[in-house]
Amino acid sequence: MRIWHQSFTVLEDVPAYADALRRHLGARALPGTEIDFHGMRPGTYPTSYPGTHIGYNYLAGLHKQQFVDAALRAQEEGYDAFLIATVPDTGFEEIRSLVDIPVVGFGNASVAFAATLGARVGIVNFIDALQPQLQRNMRAYGFGDLVGPIVSLGRQFGDVLSGYTDPGPLIDAFTEAVGAAIAEGAEVIIPGEGPLNVFLAGHGVSRVDDVPVIDSLAVGLATCETRARMYAASGLRPSRRGFYFATPPAEVAESVRKFYFGGGQA
């Protein structure tokens, strides 16, 4: 089984995270699962990295195209599933409507799994500007009443990366943020974004004050593996009815992509 992992980071720019990510998901994969790790194209973030971009609807919409291109390429190259490894599930609805291979979103899969462990899900995130998008996503998924507090870690992207060499302050900040989420009623916690998730899993942080902390990327990987087996066995795929699920005619999609992007896949 081959899974395409798509990050919202330029993995070459964050080697400590990229190495930890490969080790972590490699250890969580089932025997026979091969994960190919992909990031955004070098030069994607010429200014602030990458939270400033994610925090603006227009910029996030432009960056979404890299995820769409990647998913189309993954299906063409015979991958068994596509993992959108970022908590805002960038391009999830669009990609799900374009390809038949299983598409799994970090945020969507994590919340669905968390609901099996607690009745109110809290998210601790280090990119504060994502909060409106996460709230909108959860309503669209039907999870609006399930997801409760979305709490800021109070740290920036660089602080999270610094935790890979100096873990104590980041663990303390996370523990404090989880405490705030618990005080607002959270019964299970999702750590927002891959670098924080991988850091916490690497340091064995799976509970705070008896509240479980989800290993979101491992959940996404396991969901990919399950969905891929079901797709291979029965052809199980999403609904193809309505605006958000229907697949456009291939020749129309190809011509429109050519018009806007000069010939499609990057």
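Structure data summary
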item: All positions within region 1-21 that are within 17 Å of residue 79 (Cβ to Cβ) and outside any loop (DSSP other than H, G, I, E, B); result: 2, 3, 4, 5, 6
item: Test: residue in region 224-238 that is buried (at least 17 other Cβ atoms within 10 Å of the Cβ) and among the aliphatic types (A, V, I, L, M); result: yes
item: Qualifying positions in region 22-43 - more than 18 Å from the chain's Cα centre (by Cα) and part of a helix (DSSP H, G or I); result: 27
item: Which listed residue, of 160, 103, is under 21 Å from residue 6 (Cβ atoms) and at pLDDT 95 or above; result: 103
item: Residue identified as touching a Lys or Arg at 6+ places or on another chain (Cβ under 8 Å), among the small types (Gly, Ala, Ser) and surrounded by fewer than 15 Cβ atoms within 10 Å (Cβ to Cβ) among 148, 185; result: 185
item: Residues (part of a helix (DSSP H, G or I) and within 19 Å of residue 134 (Cβ to Cβ)) located in region 154-169; result: 157, 160
item: Condition met for residue 78 (modelled with pLDDT of 95 or more and in contact with an Asp or Glu (Cβ under 9 Å, 6 or more places away or on another chain)); result: no
item: Every pair of residues 6+ apart whose Cβ atoms lie under 8 Å, when the first sits in region 26-43 and is farther than 19 Å from residue 201 by Cβ while the second is of a type in the set (Lys, Arg) and not in a loop (DSSP other than H, G, I, E, B); result: 34/2; 36/2
item: Helices (runs of 4 or more DSSP H) lying entirely in region 170-266 (those with 2 or more residues that are farther than 23 Å from residue 73 by Cβ); result: 194-202, 216-234
item: Qualifying positions in region 9-37 - closer than 19 Å to residue 66 by Cα and crowded, with 18+ Cβ neighbours inside 10 Å; result: 9, 11, 14, 18, 35
item: Members of region 87-145 that are basic (Lys, Arg) and either without any contact (Cβ under 8 Å) to a residue 12 or more places away in the chain or under 28 Å from residue 232 (Cβ atoms) (or both); result: 96, 136, 139
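Residue-by-condition table, conditions (1) in contact with a Pro (Cβ under 8 Å, 6 or more places away or on another chain); (2) modelled with pLDDT of 95 or more; (3) closer than 25 Å to residue 18 by Cβ:
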{"site": "156", "(1), (2), (3)": "no, no, yes"}
{"site": "170", "(1), (2), (3)": "no, yes, yes"}
{"site": "174", "(1), (2), (3)": "yes, yes, yes"}
{"site": "181", "(1), (2), (3)": "yes, yes, no"}
{"site": "188", "(1), (2), (3)": "yes, yes, no"}
{"site": "192", "(1), (2), (3)": "no, no, yes"}
{"site": "213", "(1), (2), (3)": "yes, yes, yes"}
{"site": "246", "(1), (2), (3)": "no, yes, no"}
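The values are calculated or read from the model by the stated rules, or taken from the named source; none is laboratory data. The structure presented is a predicted model; accordingly, all values stated were derived computationally and were not measured. Every residue, glycine among them, receives a Cβ derived from its backbone with ideal geometry; neighbour counts consider all protein chains shown.
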